[in-house]
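In what follows, a structure is listed as C-alpha cells, so that the remarks can point back to it.
Nothing in this text is a laboratory measurement; each read-out follows from the coordinates by a stated rule. All values reported here derive from a predicted model rather than from experimental measurement. Backbone-built Cβ (ideal geometry, glycine too); neighbour counts: all protein chains shown.
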Amino acid sequence: MKAIATMGGWLERRAPWQRVALAAVLVLLAATPAILRYLVFWPLDQWQVDVEVYRQAGESILTGRPIYEAMTEAPQLLPFTYPPFAGLLALPLALMPFGAAGWVWTFAQVAATTAIVWYAGWQLLERVPVWWRAVGLALLTAPMIWLHPVNDGIRFGQVNAFLVLLCLLDLRRPRPGLVRRIPPGVLVGIAMAIKLTPGVFVVHYLVCRRWKEAATAVGTAVACTVGTWIVLPQASFAFWGGALQDPARLGPNAGTANQAIRGVLLRIGPSGTAGTVLWLALALGVGVVGFWLARRFFVAGESVAEVGTVGLMACLISPVAWVHHYHWIVPVIFALLGAAPLVQRPRLYAAGVVTVWFLCRLPWWGISWLNHRDWPRLPGRLLQNAGMAGGVVALGLLLWMYRRYVRPGGGGPRPD
C-alpha cells in the first residue's frame, strides 16, 4: 500500500502529457510479446495475411484489376471478401510498402483496443484519481491485448477492433464527446458498409423500437454502398451479384477457427439437413435470449452491456465466427466488472472467469490433444470448441448480472 501511495504521489506531480506517455509505454510493453511473435519472428508466408488482402484490394482499385478475382500470393491464396466500400478505405495501405502497412495496422489495432477499454470501462476509470487514470487505463488494457481473439487479430492483421470501437462509440451512453455531434446510427452504418455482420445492431434497434437510429444506420450504409457503386460499378456488381453468395471465399467453415455454433456442429455433427435444422433452432434460441437481454440493458441504461451482448450473440449465431471475431469479449468483460467490482465481488469473479477463459488458447489446446490418437477424444473435442462455449458462458454471465445487479433488488433500475 505504501508503494502504491508513493507511486500515486509521483504520478500526481507529473504533467498530463507525462502520464499519457507513461500509459502509452505500458500499453506497448503489454503488446510487445504479440508484436515480437507475429511481426518479427512469424514466417513471412503467413505474415499479416489479412492486411495483405486489404492492401491488395486497394492496389486492385489503383491498377484497375478486378477486386474479387485477385488472390494473395501462395501459399495463402486469399480473396477479398468485404464490400467494395472497404476496398476504398484500404487505399492508404496500398500507397505504402507491405511491411510498413503491417506495422501501421498493428499499432492501430492496439490503439483501437485501448480506446475500447477507455469507452467500455469508463465507469470504472471515473472512480480512479485523475493522476492514476492514464496508468489505470494501461493496466486494464494489458490483459485485453493478451486475450486470444485480440492476439489473433494482431496475428492476421484483422479489422475487428475497429468495428467494435465504431459500434461501441455509437451506442454508449452517455455519448462520448468524440462523436457527440454525429447522429446515433451513423457509425453502425459505416461499420455495416465495411463488413455486413454489424447489421445485427439494426435488428437490435428495431427490437428496441429505436426507429430513427435504425433508419440512420441503414441510410448511412446505403449511402456508402451507393457512393461506392458510382465509383466502382464493376466491383459492386461482382460483390453483390456473386462474391457475397460464395461461402467458399470465407475459408473452411468446419475448421477449428470457426467458433460459431454452426462451426461446432460442422465438426461434431449431425450433418446435412438435420445439422442445419439443429443450427437454426439453436441460433434462434440464442438470438431470442440475446436480443431480449440487450433490450433490457438498453432500457436500464447499461449501454456497454448492451453492446457486448449484441456483439457476442452475433458471433454465436453467425454461420462463421473466427476466433478473432470474438473481440466483442472486451466490452463484455467491462460490462461484467461494472463501476465497483471490489464492492460487488461476484462481478469481479465473473469478469475474471471470462478473462481467464479467453486468455487461454483453448481451441488450439484441443487440436494438440486430438493429435494424440491414443488419448480420449471427448476432452479434446471440448477444448477444440471452447471458444463457442466461452461465448455461451459469457452470455449466461451477462444474464446473471442483469438479474442480480440491474433488475429490481439487484442495484439498478427496472426495465419497463
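Just need the Rg to Rh number for the range 248-416, please, alpha carbons only, Kirkwood Rh.
A ratio of 1.02.
Computed over the range 88-217, relative contact order equals 20 percent, with contacts defined as Cα pairs under 8 Å that lie 6+ residues apart. Here the residues 315, 224, ranked from fewest to most Cβ neighbours within 10 Å of their Cβ, fall in the order 224, 315. Taking the number of Cβ atoms within 10 Å of each Cβ as an exposure proxy, the fewest-first ranking of 73, 302, 213 is 73, 213, 302. Derived scalar couplings between HN and Hα for the range 72-83 equal 5, 5, 4, x, 6, 6, 9, x, 7, 10, 8, x Hz in order, rounded to whole Hz, by the Karplus curve 6.51 cos²θ - 1.76 cosθ + 1.60 (θ = phi - 60°), x for Gly and Pro.
For 195, 212, the sequence from fewest to most other C-beta atoms within 10 Å is 212, 195.
Assign one of three labels to the chain, namely rounded, prolate or oblate, based on the Cα gyration tensor with a ≥ b ≥ c the square roots of its eigenvalues; rounded applies when a/c is under 1.5, prolate when it is not and a/b is larger than b/c, and oblate otherwise. Verdict is rounded for the chain.
Helices assigned as whole DSSP H runs in the chain whose Cα atoms extend at least 15 Å along their own long axis and whose mean Kyte-Doolittle hydropathy is -1.0 or higher are found at 2-13, 16-35, 49-63, 98-120, 130-146, 160-171, 211-231, 272-300, 303-317, 345-359, 386-401.
Which FRET efficiency value, to the nearest 0.05, is calculated for residue 65 and residue 342 with the Förster distance at 56 angstrom and r the Cβ-Cβ distance? Working from the Cβ atoms, E equals 0.50.
To the nearest 500 deg cm²/dmol, what mean residue ellipticity at 222 nm is calculated for the chain from DSSP H runs of n ≥ 4 alone, each contributing -39,500 (n - 2.57), summed and divided by the residues?
-21000 deg cm²/dmol
Shape of the range 200-321 from the C-alpha gyration tensor: oblate (a/c of 1.5 or more and a/b not above b/c, with a ≥ b ≥ c the square roots of its eigenvalues). Working from label points 7 Å from Cα in the Cα-to-Cβ sense, the residue 231 to residue 373 distance is 5.4 nm.
Does the range 129-253 classify as rounded, prolate or oblate by the C-alpha gyration tensor (a ≥ b ≥ c root eigenvalues; a/c under 1.5 gives rounded; else a/b over b/c gives prolate, otherwise oblate)?
Values: a/c = 2.29, a/b = 1.34, b/c = 1.71.
Verdict is oblate for the range 129-253.
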